[in-house]
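The values are calculated or read from the model by the stated rules, or taken from the named source; none is laboratory data. All values derive from a computational prediction rather than experimental measurement. A quick note on method: Cβ atoms are made from the backbone with ideal geometry, for glycine too, and the neighbour counts reach across all protein chains shown.
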Amino acid sequence: MAWSVLHWLLPAILLLLLLSAGIEDARTREIANWKNAAIALLAPLWWVTSGLAPWPDMAIQFGMALIVFALFCVAFHFGQMGGGDVKLIGALALWLPLTPLLQMLLVMSLAGGVLTLVMLADHRIRKSQRILEVPYGVAIVFGGLAVLHELLLNQFA
């Protein structure tokens, strides 16, 4: 019984953490480390309640997330992404199997492109002298929610 309650509760907590991170990034251009840590640390509990075997299932999940995190660390290194955004992508990747992970990355990229264009247009219209900072966490959350809806809604099936 406890596992089934957790299996239902964990995606709801993830949803709240993602929404909170997206709102925070939109407002402050930062994502609190505790939110990224909570998302990452809840993923193994999700794996257990989902019935994933430690080998190879959990190892594959961890490995994929590590690869995604490493790839986006390169973007951070070149100043193309903030550290909070990279940590959020890595933490969210722990929750997603390969196909939903790839779908999330695609939707995230498209949403990020649209967000960047809108912000760039606004920046030029206002003739702002400040450096444009795109809250990419918003795009990450959008991509995550696009694939997590199935995960969340399947709890009621």
Checklist line | Number of positions in segment 79-137 that are among the charged types (D, E, K, R) and touching an Asp or Glu at 6+ places or on another chain (Cβ under 8 Å) | finding: 1
Next item on the list: Within segment 4-15, count every residue that is exposed (fewer than 15 other Cβ atoms within 10 Å of the Cβ), in contact with a helix residue (DSSP H, G or I) (Cβ under 7 Å, 6 or more places away or on another chain) and either closer than 18 Å to LEU101 by Cα or of a type in the set (Ser, Thr, Tyr) (or both).
Entry: 0
Notebook entry, point to check: Looking at segment 1-44, which of the residues that are farther than 14 Å from LEU92 by Cβ and hydroxyl-bearing (Ser, Thr, Tyr) is modelled with the highest pLDDT?
Noted result: THR28
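Quick grid of which residues meet (1) touching a residue at least 40 places away in the same chain (Cβ under 8 Å); (2) closer than 22 Å to ALA37 by Cα; (3) part of a helix (DSSP H, G or I); (4) in contact with a Leu (Cβ under 6 Å, 6 or more places away or on another chain):
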position: GLY90; (1), (2), (3), (4): yes, yes, yes, no
position: LEU96; (1), (2), (3), (4): yes, yes, no, no
position: PRO100; (1), (2), (3), (4): yes, yes, yes, no
position: MET108; (1), (2), (3), (4): no, yes, yes, no
position: GLY113; (1), (2), (3), (4): no, no, yes, no
position: ARG130; (1), (2), (3), (4): no, no, no, no
position: GLY144; (1), (2), (3), (4): yes, yes, yes, yes
position: VAL147; (1), (2), (3), (4): yes, yes, yes, no
Next item on the list: Can you confirm whether segment 126-138 contains a residue that is among the aromatic types (Phe, Trp, Tyr) and buried (at least 17 other Cβ atoms within 10 Å of the Cβ)?
Entry: yes
Next item on the list: Kindly list the number of the only condition in (1) free of Cβ contacts under 8 Å to residues at least 24 places away in the same chain; (2) among the hydroxyl-bearing types (Ser, Thr, Tyr); (3) within 21 Å of LEU17 (Cα to Cα) that fails for SER50.
Entry: (1)
Next item on the list: Of all residues in segment 16-48, count the ones that are surrounded by 15 or more Cβ atoms within 10 Å (Cβ to Cβ) and either of a type in the set (Phe, Trp, Tyr) or touching a Cys at 6+ places or on another chain (Cβ under 9 Å) (or both).
Entry: 2
Checklist line | Cβ pairs under 8 Å, 6+ apart, first in segment 1-29 and more than 14 Å from TRP46 (Cβ to Cβ), second surrounded by 15 or more Cβ atoms within 10 Å (Cβ to Cβ) and among the acidic types (Asp, Glu) | finding: GLU24/GLU30; ASP25/ASP85
Checklist line | Matching entry among GLY144, GLY82, GLY112, GLY90 (being closer than 20 Å to TRP8 by Cβ and surrounded by 12 or more Cβ atoms within 10 Å (Cβ to Cβ)) | finding: GLY144
